[in-house]
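Participant: Provided herewith is a single structure, encoded as structure tokens, for subsequent inquiry.
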Amino acid sequence: MRSIPFLLAAFLQDTALALVFAALPFRATELGAGPVSLGLLPTLYAAGYMLSASLGGRVSDRVPRLALVRRAGLAFSVVAASLAFADRLGVLFALLPLAGLALGFYWSPLQAALADEAPAEDLSRSIGRFNVAWCLGKGSGIVFGGLLTAAFSPVAVLSCAAVPGVLIALVLARHRSSSEPAVASRDVASAFASRPPRFSATFLRLAWMTNALAYGVVGTVNMHAPRLLREQGGGPAEFGLVFGAVFLVQTLTFAAHGRRATGPRALLASLALAVVGLCVFVGSTSLGGRLLATLPLGLAIGLAYHASLQASLDRATGRGRAAGWHETILGAGSSTLPLLGGAAASITGRAAAPFGVALGVVATGAAIAATLRGGRRVPAEESRD
């Protein structure tokens, strides 16, 4: 399978990123970080990522994509190694945006290269496999990062996070790709000439919005659930179990849903599931109830991400640019909604306030999606089935 190098690259890079964020809070605490400083860590990374993701996608439409991916992966490895040797909190703060900048030039080109290699009729399946690969990498990195941090040290784990970038460069160095822009634009245009565009421009924008909101909900759970759980007698172990279950459900959603094309109903279902998941999570006072909430939350981000990425890549030209916007808007949603929730919690003093903000924003997004719909264009030969 020609897609195997792309799947390995996705798995390895998200493993590396998860290792970093599994160890980083503990290393920052060792260097004297307090609650505000810890909250800044993911925001600084996301800021760098949002600045570069769209640019990285556009650049990959003009230069060989995989060369860009290899260099970005190696750049992230250098940053990860630098994080391991940082001896001051300010150095961590300075390095995190660089990690985001590096990966902005990684994911959008890699996604576009995957689509360049996939047959037009098999794009949804290829995206589904790709999503399973990076999701497994994220889960593996979280689990092993925590275990290794406990067994050794945060510095050791950050050092390990520098290794996957080197492996990625080796994996992709031997891959003969058709994803150089001059080749890809000709081959992909030919493949897509046999059918009209599958997705409307309105659907694409709604998919981006839905993905941003769904990940904003999960980001809210990530940042604000620990305080809520502490008030209800829970702790770090319960939080880790619940948050890990969300990504397990997302992985299963990718595996099951990746074989079919997406559509407007998937967007509405994602937003509705996010609302249900939030309500169940906030209303539960037991571990069983919170685990039940992971089902709709994991389904929500699985459906939304698949829809956003498929709509971005299912086109003859400009795949890198569209994938860049997909990643940029995702980053904006996953960082902005938790920040708004934090402001609400600070003003009201209520641990549940961030979830109320998320509910309001997602409900508004659902109303917009239901009004506009942005229908999926279905080719004539499909409409007869």
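The values are calculated or read from the model by the stated rules, or taken from the named source; none is laboratory data. What you see is a predicted model, and the numbers here were worked out from it, not measured in a lab. Every residue, glycine as well, gets a Cβ built from its backbone with ideal geometry; the counts of neighbours run over all protein chains shown.
Participant: Residues being in contact with a Ser or Thr (Cβ under 7 Å, 6 or more places away or on another chain) and either of a type in the set (A, V, I, L, M) or in a helix (DSSP H, G or I) (or both): count how many of those fall in the stretch 219-232.
Facilitator: The number of residues fulfilling the criteria is 1.
Participant: Go over the candidates 277, 333, 374, 324 one by one and state the one that is touching a Leu at 6+ places or on another chain (Cβ under 8 Å) and at pLDDT 90 or above. Before the answer, list the steps.
Facilitator: On the way: 333 fails: at pLDDT 90 or above; 374 fails: at pLDDT 90 or above; 324 fails: at pLDDT 90 or above.
Result: 277 is the single residue among 277, 333, 374, 324 that is touching a Leu at 6+ places or on another chain (Cβ under 8 Å) and at pLDDT 90 or above.
Participant: Right, another one. When you scan the stretch 40-56, do you find a residue that is closer than 27 Å to residue 156 by Cβ and either in contact with a Cys (Cβ under 7 Å, 6 or more places away or on another chain) or at pLDDT 95 or above (or both), even just one? Walk me through it before giving the result.
Facilitator: Taking the stretch 40-56 and keeping what is closer than 27 Å to residue 156 by Cβ, we get 40-46, 48-49.
Next cut, either in contact with a Cys (Cβ under 7 Å, 6 or more places away or on another chain) or at pLDDT 95 or above (or both) only: none.
No, there is no match, as no residue in the stretch 40-56 is closer than 27 Å to residue 156 by Cβ and either in contact with a Cys (Cβ under 7 Å, 6 or more places away or on another chain) or at pLDDT 95 or above (or both).
Participant: If a residue counts only when it is among the hydroxyl-bearing types (Ser, Thr, Tyr), which helices (runs of 4 or more DSSP H) contained entirely in the stretch 62-153 have at least 2 such residues?
Facilitator: Working: elements: 65-85, 89-104, 107-117, 123-151.
Result: 65-85, 123-151.
Participant: Run down 294, 285 and say which single residue is out of contact with any strand residue (DSSP E or B) (no Cβ under 7 Å at 6 or more places or on another chain) and under 25 Å from residue 144 (Cβ atoms). Step through it out loud before you land on a result.
Facilitator: Details: 285 fails: under 25 Å from residue 144 (Cβ atoms).
Only one candidate passes the filter, namely 294.
Participant: Further question: Report, ordered by the first and then the second residue, all pairs with beta carbons closer than 7 Å, sequence separation of six or more or different chains, a first member in the stretch 323-352 that is under 14 Å from residue 309 (Cα atoms) and acidic (Asp, Glu), and a second member that is surrounded by 23 or more Cβ atoms within 10 Å (Cβ to Cβ) and at pLDDT 85 or above.
Facilitator: Listed by first residue and then by second, the contacts come to 327/53; 327/107; 327/108.
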